Structures are given as structure tokens and as C-alpha cells.
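Only the coordinates and a few stated rules stand behind these numbers; no lab work does. All values reported here derive from a predicted model rather than from experimental measurement. Here the Cβ positions follow ideal geometry from the backbone for every residue, glycine too, while neighbour counts run over all protein chains shown.
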Amino acid sequence: MNTRSVLVSFRQAKNAMGLYPQEHPAVVSGVLGTLKALRDTMAESDMTLTLVQGHLYREREPQPHESLEFSDLLAGLRGAGIETVTFTAPVQVNDLRQAIAFSAGLSPDPPEQSVRFNEHPYSPEDLGIADDDSPRVRYAAAMDTLKKAMLSVGHDDRIPMADATVAVERLLEVTVAQPAAALLLATLKSHDGYTFYHSVNVAILSLAMSQNLGMDPEASKTLALGALLHDVGKARVDAKLLNTAGRLGPDEWAEMRRHPQEGATAILASAAPGQEFAAVVAFEHHARYDRTGYPLLGYARRPHPFSRLVTVCDVYDALTTRRSYRRAESPTRALLTLAKGAGTEFDPAMVDLLVSMVGVHPVGAVLELEDQSLVVVTAAPNTERIEALLVQTASGERLTTPEPVIVDEKRVVEQLPADIVDVQPSEFLDLVG
Amino acid sequence: MVAALGSAWTTAGLYPDVSKQEPFRVAAIRISRYAGAELRVRAGGFVISGDPVPGPDAAGRLANALFLHGTESLGFTQDLTPESLAHLLKIVALAPEVVDDQGGLEGMVAAAGLVGIRLTMRNQLAGLGGDTPEAFTVPDEPDIPLEMSFLDQLELVAAQPDADERTAAVMGLIDEFTGLAPGSQAELIDRLLGTSRADLRDLFLDQLAPNDLARVVEHLDPTAFRVLGEYVSYVEGPRRGELTEAIGDPASVLRFRARVAESVRERMTGIQLARPTSAAAPSADFAVDHEGWFQASTEVMQGVALVEDRPDRQGRVAEAWKTRVDVSLAGQEDEQALAWYNSIIDLDDPPDPLAEAVAQVPDTEQIKGLLERRRAAAGIGAREFVELLMGSDPGRVIGPLADAGEDSTHLAALAGDDPETLLGAIASVDDPLPVIVALKAAGYRGADPRLIELLDSPETHGRAEILVLVGPSLGVDRLGRLLLEEDEAVSRQAAEILRRGRTTAGLNLLFQRFESEDADDPEREFLAHLLAGTGDGANLLKGVMTASNLLTGHGRSLRAAARSALGSAEEPR
Ligand SMILES: [Fe+2]
């Protein structure tokens, strides 16, 4: 049990409270789940969580992965004026409930006694200076920029294109310097804020493809700006459609299908000279290689090669992510789906490129071995020598510190979607060279 | 009704003789309850009294199929029987060419003697003439496999509030399920286990017999198998033992695992996964290509304009387009600005907001910038742009050209035989004189009356200049009114013309104004000088000088002005 499990259950409890009355089972089990996670992780000692400039600390220890994965939750807490949370063992259920209710904006009274807000036991100096240049921070910055971009599209303002360009440049640097880390980062998933994570992942995948192609940095950036902004038009699509459980009806589809042209319009209205190409990717990313997709292209050519490249990355990341209406696919199954559509929906050359880039067992893939242990791939130069991290032993024990192992492909039983075994491959970023 | 139709359509695809199946019969009965309702058929869905009816994907597919057969509307009467509905759907499922060969949908329905169905067809000739080609293409609804529509049905069932009816409906679905081929069953369970809607999954699995489940286990995807194991671990009571036995005896698990390991490798070879060897050489497609990127962007500008059909959003498209032109012109990228401009003026029938934007962009200042750059050696794009504008709308160019010092003869030549462009430019230019001179130089018949009209309106720019040209032809009364205007340039010009006319009436007007209490000292001075230059006028002024009864302050100022004017007239400098 760790900080992450506390945050997972805290988020569930907070969301449930927003939806249901206090006595609803979802609320009760959310609060109790959080209580259990807290007691497990704290044992007998006290615990303080501090939020500074988007970074989460447990005592003086930065929690870089959680800072990123729970950026929405943490932003919400900061929005509610909460900067530190101090838990004193044993945490009492009513104090916890009060804390969750306050953070959800459902109660004006902050909790007292075993859970307390804003005591600030650590100064910023105590916590040390955050490493502003880590891949994670760059990922988070790209996501922030994208959020701003979508917000401005929703409000009919100009997209901050200069910021987006900087975000893309910084992602490119990571992709060049630490390609494995970049791909691992691109496996970051979140059910909340899907479009943000998804778009940043697509940008990273596109950049990785561009590196495999030996593209000029300028071309890479042009490509990735389009990839990052490809779905900004969704900010003008009714929000409830985006996370709808169940499938969309015909009229909802019609609304959803407007997002390419909405995005293109917003980009054309905001771009400085040289940035306007991002509109091409936004407009064409669902047009399909055979031009039978949407929207109707008013010109005779196929979608631009960059759009075709982004489409393939788009679909790959979407398929490997769990959505409200279907589970995540393993990388192999996702590639298989792409291969089936090669020549019609997808440009066969782009599918080949992606397949050859991510390979049989891509970085970040979760593999189950013959003995039922689980490993996360960190590099796979060939099938005899897959570099991986052992995250769960044959006896089913989760390792807090994963162990580097070399795996022969013959021992691999199957690839698993990460969410099904509750593994976040990007958590192991620091262990990847 | 649309939901029931969708479910009937899905079920009809599953069975050779669907009318005997319970879910289908239920759907048919539900449909017949809507006797009298008429569904208009559109590509992608049904429409009732102008509004699209939401429904399951299957209903959308049925609508598409009906649309392709040329159906305009579909309705039912109370006589509808499951048999007759099943027969209809069977015909609809045929390829349009086949149906056409056998007399069309309407003909086939009539020939089969189907009861309870009311069909109207689109007038094919009118349809072909009037409808756009897009109307005949089926929208790109993602192709949902059968198993997905099964989930849709399950979702409908789950929404059923009555528990007994819900159970009965689930049993109906299970009947359907057991009629499927084992491969399809496995696919369906696979999808079911893949959905994050645990409620749907449990709703169905809770009532599925263990041996039905056992049959599909072997064909399941590994991940689905895992979820199934999880599901079983939640089940309580004796059923849990039954299920565990059905799916999980050790031998079958081993068999299963071996098969899975093989299938992973199979898949890999199936899609010919190549190991990354060396980075592929960048093809021209991926090289830096500013020109190509820019061209694609202008095509997308046009594409967006073509595809956007809502007026409010068209306004946004117009804004975006204007931004492109503005940004390019501000960066002095005249060729790019021209390309953006062309992307819209090339459209046959641009939407209104865009047409309006085209009429306003580039604005006068931007045209002036273009003209300046056109003069510079490098202004190639600017030159083309200006020529394009001159060709399509010379009125917008003439004003800036005049301001840029273009001579009147050239302006007149540009305006061709249309005085309106020159008359229009008068309002916008810094110095209207060259335009007005051009107007006179071109010798347009009827130009004077139009100028005089312009003179009447106090808002007209350059009235003093217009007055220079048309003043002599105006009557004294008219000039007298202009003399009283606040606009000093106009009133002084009017005074000048009156003086030059040297009529008694005219000079009297000038003198009256000179004496008027409304005139201020500088104006009085000016008028006095005008009068002093003419014989009669000088006499009038002398009268003022000698009038001994004018000793008030006011009279003193009048006399001072007269004295000064007369003095300078006598002693010219
Ligand atoms: Fe999209």
C-alpha cells in the first residue's frame, strides 16, 4: 500500500460524494476504502501530504508519478484552498469523511483532529527544488498547455500556439535523448481527462515515429504540433458526449464528427505563420487513408502523410486505453487492428512504421510469463533478450521496488492491458536508462 | 419504436426464420403499437416531424439500408404481423441492385402481399436531379459487429425498470445467444467481458447456464478469460462451484494457456511484425516542405469552408480566414495572403459570412500596404494581389491608389465606364480632389448631379473640393446656404464662388453674412477682403465705415474689418 492507493480511493470517494447522497453505498465504500488505504500506508506514524506548484510530496519525499497521474485531483484540492493535509494515526472515519466532503466543495467546514489542512509543517526549502526538466514535468507541461488550448477553443479565444510549440519542442528533446523513457511515458493513461493524456501520448508517439524516420527537427515539430492539437475541436463538442457510457446514437455521432473541422477552424484562427499546418492534421485525422472517413475532404488528395501518421498513433493509443464502453487492448491486439485496416482506413506504410517501431513487445508492455509472474518491458532489442522489470512474482506478490530482469520471448504467455492488472508502466520511468 | 426497429433489424440478421423467435415477436408487437406514426428515412437515421430520432446503431443501419432502396418514409398499421415484418426486413437486407431487378422495394412488398406496412418511395427522378451526391452516400458509421449490437440490446434491457420483465428479456437474449455459432458466442462473451459496464456483464452472465459458458471458454481471448475468472470469484453460493468446474478444471486451464502462448506468436507472424532494424530513410513525404505544408493548409481552409453548414459556425470560419489573410499581410507575406484569399474566392458559392468577409478583406490600410510593396522591386505577391482586386472590385483599390498619389487620368482609366467606383472612393480617401478631378476628367455624363447630391449630405468627405468643381453651376440661394455652414472649408469656398460670380445678389449675401452676428471676427475679416476686391462690395464696406450711428462694440469690430480690407485693397502688398 502506498500514496497512490490512498489517492485512488480518495478520488473515488470524492467523485462518489459529488454524485450520490452521503449514505449511498458508493460513498460509504469510497470513504472506507480511503480509510483502509491510509491506515495501511501510515501504519502507526503520522503523514503529511504537501502540494507545491503542482508537485506532490509525502513528508519531504517528492511523489513525481502521483503528481502527474492525479494532476486533476490535486488541482481540485488546490482549487479548494488545500495545500497540505496532515493525517494523525489512527485516522478517524468521520474526520476523513469531513475532509473529503470539504475537498468536494460539499461542506464549508474543514476537518479537525485526525485529519487537518494547511498546517504547512515543511517549508519549500525543506522540500528542495523540483527538477523542472524531468520527462514527467515536460509531459505535465504539455498537458497543461493542451488544457489551456482546449479551454480557449471552448471560449472562442485564441489557442496559445506559442506555448504549444514550446511544449512540443520539449517533448522532442526527451524523445531524442531518452527514447525508451518517452515511450514509457506515452503509456500513461487516465480515465479522467482522457483527451489530454491521449493527445500528449499521440504527440510523443508521433515524435518517436519521426525519430525512427530520421526526420528533420523542424518537420518533427510541425508534425507533433498537429498531433498535440489534433482533438482540440472536441472542446466545442458537447462535454457529455465525450465520456458517455454506452455508444453514441446517430445524432450524437453527427455532433462528434464535427470536431475535426472545429479544431481546424480554431487553429487557423490562432496560428502564427508556419503554425497553420496543425490545422491540416486536425482536419484530416479521421478522414481515413481511402478518404471514406469524415469530414468530407473538399480536395482531391489523400490526407497529408503527417495526418496519416498521426491517425495511426491516434488509433494505437486509443485502443490501448480503457474507455467507458470498452476495455483496453494489449499492444499486440491494437497493432492487429491497425494491420487489418491497412490500405483502407490506414496508410499501410504508416502501419508498418508503427509496427516496426513498437515491435512485438513494446516498451511499457505488461507481459505475463509462464510462471504467471508479471514484467514491464523497458527495452526489447530482440526477442531473445527482452529487458524488463519484474513487478509481480510467480506467487503473486507485488514488488514495491521492481527488479530488472532479462526475459526470453519464449517464456512470454501473453501481453496484458496494463489497467487489467493495475500496473502503470510509466511509474517505472526512473528505472529506465 | 425506433429502438424496437433496431432490435428487430439486428435479430433478423441472426436467424433464418426470425419470426418464430420471441425477442423478434416482442419487437414486432411493440412496433405495431405505434401504428400511424410515420418515420422519414434519412441516411444514418430516422426522422419524425423534422427531428432526428435517437436510437441504437442498428436502427441507423436499418435507415441506411432503407435509404439506399430509395425509401422516403416507413410506417406501420395495427395489422402488422411478425411474419410480415420479418419478410420486409429480409427484402431490405438484399443488395439494392437485387431489389431493383425484382421490381424495387415497394414492388416486392406489394408482390409478397405483406400486411401492416406503409412505404413511400422517393421520387427517383426528382431525387437524382435535386439531391446532392453526398445525400446518396451512406455516412461512415463505424461498422459495428453483431456482438456490439448485442450489447446495445443488453443496455436497453438493463434500462428496463421492471425486474421480471428484465429477467424475461435477458432470457430472450440468452436464447438468441445459444443460437449463435460457437465462434460468435465466444466473441460476444469476449466483448461482454471487455465492457467496463460490469452491470451489463453481470446481468447476462448471472443467468447463463454453466455449461453454456463452458462451451465458449476455449475460444475466449486471454484477457476475457481473466475477467471471467474474476467474475466467478465474486459469485456466491453453489453456483460458484458449478462455474469454476465448468471453466476452470486444471486440464482445461493448461490447454488454454498453451493455446494462448501459441496465439500470441501467431498474431505476431500474422501481421508480419518486423523487428526494428535500421531507421527507414526519410522519404520526400517527411522532409521539410514549407510550400507543401502551406498548400495543404490553404486546402484545409477551403475544406472547412465547404464542410461547415451551420451559420453560427460559418462566422467562425470567416473569422479564421480573415485572421489568415491579416496575419500574412502583417508579415508582408503577400503571396501567402493571396493564396489564403484565393482559397475562398475560388469557391463557387461561399457561405454568407465568408462572402461578407471577402468583401471587407483586405481593408483600405492593407491595400495601401500592398500598393507600397508593389512599387518595391520585391512586391510580386502584392502586385498580383492588387491586380486581382482591381479586376474583381476596382472600387476598393481606387481610393488607396489615389492616396498613394496615382494621377487622375489613371484613376479615371481604372474606373472604366463606371463612375460609381470613383464616387464611392471619395468618401474613403485622404484627399478627394484627385478622385473628383478624375471623375470630371472621365467626362461622365451625370457626374455633376451626383456630386451635387453628395454635396447635400453633411457627412460627405471632400465637400469643399466638390464645391470647387460644381460650385459655378449652383444657384446663388444654394451657395448662400453653404455660406452659412459650420464647415469653414465649405463656407469659404462658397464665399469665393459667390464673389467670383459678382452678381448683386451674391455680393449682398456676402455682405449680409459680414454683418451677421453669427460671423466671428476672422470670418468677417475674410469676407471683408473678398468684398473689398469688387467694386460693389467695396461700396458696401465704405457704407459701414461712414455709418456714424454704429458706435457700439459690435459696430466697431465691423468697421475695423472693413477698414483693414479696404486699406489693404488700396495698398496691395
Ligand atoms: Fe479525433
Check your understanding: Among A:Ala264, A:Ala208, A:Ala349, which one shows the biggest mean-square fluctuation in a GNM of chain A, springs joining Cα atoms closer than 10 Å?
Key -> A:Ala349
Practice item. Please list, in chain and number order, the residues 5+ apart from A:Val405 or on another chain whose amide H is under 5 Å from its amide H, with Hs placed from the backbone. Key: A:Ala388, A:Leu389, A:Leu390
Point to revise | Extent along principal axes [Cα atoms of segment B:2-128; Å; largest to smallest] | key: 41, 33, 24
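What does the average come to when, for each residue of peptide A:388-401, you count the partner chain Cβ atoms lying within 10 Å of its Cβ?
Per-residue shielding by partner chains comes out at 0.
Within a 10 angstrom radius of each residue's Cβ in B:226-235, how many Cβ atoms of other chains show up on average? Whole number is fine.
That works out to 1 on average.
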Review point. Label 7 Å along Cα→Cβ of B:Leu388; segment B:354-380 residues with amide nitrogen under 11 Å?
Key: B:362
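Are any of the pairs A:Lys189/A:Lys234; A:Lys221/A:Lys340; A:Lys14/A:Lys147 more than 24 Å apart by Cα-Cα distance, and if so, which?
Table pairs above 24 Å Cα-Cα are A:Lys221/A:Lys340.
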**Study point:** Length-normalised contact order for segment B:2-128 - Cα pairs under 8 Å, 6+ apart - percent
**Key:** 27
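So if we plug the beta-carbon distance of B:Ala209 and A:Arg385 into 1/(1 + (r/R0)^6) with R0 = 45 Å, what FRET efficiency do we get, rounded to 0.05?
After rounding to 0.05, the efficiency reads 0.45.
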Exercise for review: Pop the C-beta distance of B:Thr460 and B:Ala287 into the FRET formula with R0 = 51 Å and round what comes out to the nearest 0.05.
Suggested key: 0.30
Point to revise | Hits among lysines - C-alpha to C-alpha of B:Lys20 under 26 Å, sequence gap 8 or more where chains match | key: B:Lys90
Point to revise | Taking A:His155, B:His87, A:His361 and counting other C-beta atoms within 10 Å, the order from fewest to most | key: A:His155, B:His87, A:His361
Review point. Simple spin-label model, 7 Å along Cα-to-Cβ: B:Arg556 to B:Ala505 in nm?
Key: 3.9
Exercise for review: For A:Glu83 and A:Thr401, compute 0.36 nm times the residue count separating them, minus their Cα-Cα distance, and round to one decimal in nm.
Suggested key: 111.6 nm
Review point. Of the peptides B:227-238, A:297-308, how do they stack up when ordered by the mean number of other Cβ atoms within 10 Å, highest first?
Key: A:297-308, B:227-238
Review point. How well do other chains shield peptide B:301-314, expressed as the mean number of their Cβ atoms within 10 Å of each residue Cβ?
Key: 5
Review point. Hey, got the Cα dimensions of segment A:135-358 along the principal axes, in Å, largest first?
Key: 45, 39, 38
Review point. Once the Cβ-Cβ distance between B:Lys542 and B:Glu453 is put in as r, and R0 is 30 Å, what FRET efficiency do you end up with, to the nearest 0.05?
Key: 0.15
Review point. Between B:Ala355 and A:Thr337, what is the spin-label point distance in nm, taking each point 7 Å from the Cα along the Cα→C-beta axis?
Key: 4.5
Review point. Within the P(r) computed for the protein assembly as shown, what percentage of the Cα pairs occupies the region above 45 Å?
Key: 51
Exercise for review: Mind checking the full-extension length gain between B:Gln78 and B:Thr120? Use 0.36 nm per residue of separation minus the Cα-Cα distance, one decimal, nm.
Suggested key: 13.3 nm
Exercise for review: For a label point 7 Å from the Cα of A:Asp109 along Cα→C-beta, name the residues of segment A:4-32 whose backbone N is under 18 Å from it.
Suggested key: A:22-23
Exercise for review: Would you calculate a helix-derived [θ] at 222 nm for chain A, using -39,500 (n - 2.57) for each DSSP H run of n ≥ 4 and dividing by the full residue count, to the nearest 500?
Suggested key: -14500 deg cm²/dmol
Revision key, fill the gap. Between the Cα axis of helix A:259-268 and the main Cα principal axis of chain A, the angle (0 to 90°, nearest 10) is 80
Check your understanding: Across segment B:479-495, in residue order, what do the Karplus-derived ³J(HN,Hα) couplings come to in whole Hz, using 6.51 cos²θ - 1.76 cosθ + 1.60 with θ = phi - 60° and x for Gly and Pro?
Key -> 5, x, 5, 5, 4, 8, 5, 6, 5, 4, 4, 5, 5, 5, 5, 5, 4
Check your understanding: Helix A:25-42: angle to the longest alpha-carbon principal axis of chain A, degrees 0 to 90, nearest 10?
Key -> 70
Exercise for review: Place the peptides A:172-182, B:344-354 in order of packing, highest mean first, counting for every residue the other Cβ atoms within 10 Å and averaging per peptide.
Suggested key: A:172-182, B:344-354
Study note, to complete from the structure: Expected unfolding gain across A:Gln53-A:Leu431 under the 0.36 nm per residue rule, minus the alpha-carbon gap, is 133.6 nm
Revision key, fill the gap. Kirkwood calc, chain A, C-alpha pairs only, radius in angstrom 22.9
Review point. Under unit Cβ charges (Lys, Arg +1; Asp, Glu -1), what dipole magnitude, rounded to 20 debye, does the protein assembly as shown have relative to its Cα centre?
Key: 320
Review point. GluC sites (Glu not before Pro) within segment B:485-521: which are DSSP loop residues with at most 14 other Cβ atoms inside 10 Å?
Key: B:Glu486, B:Glu517
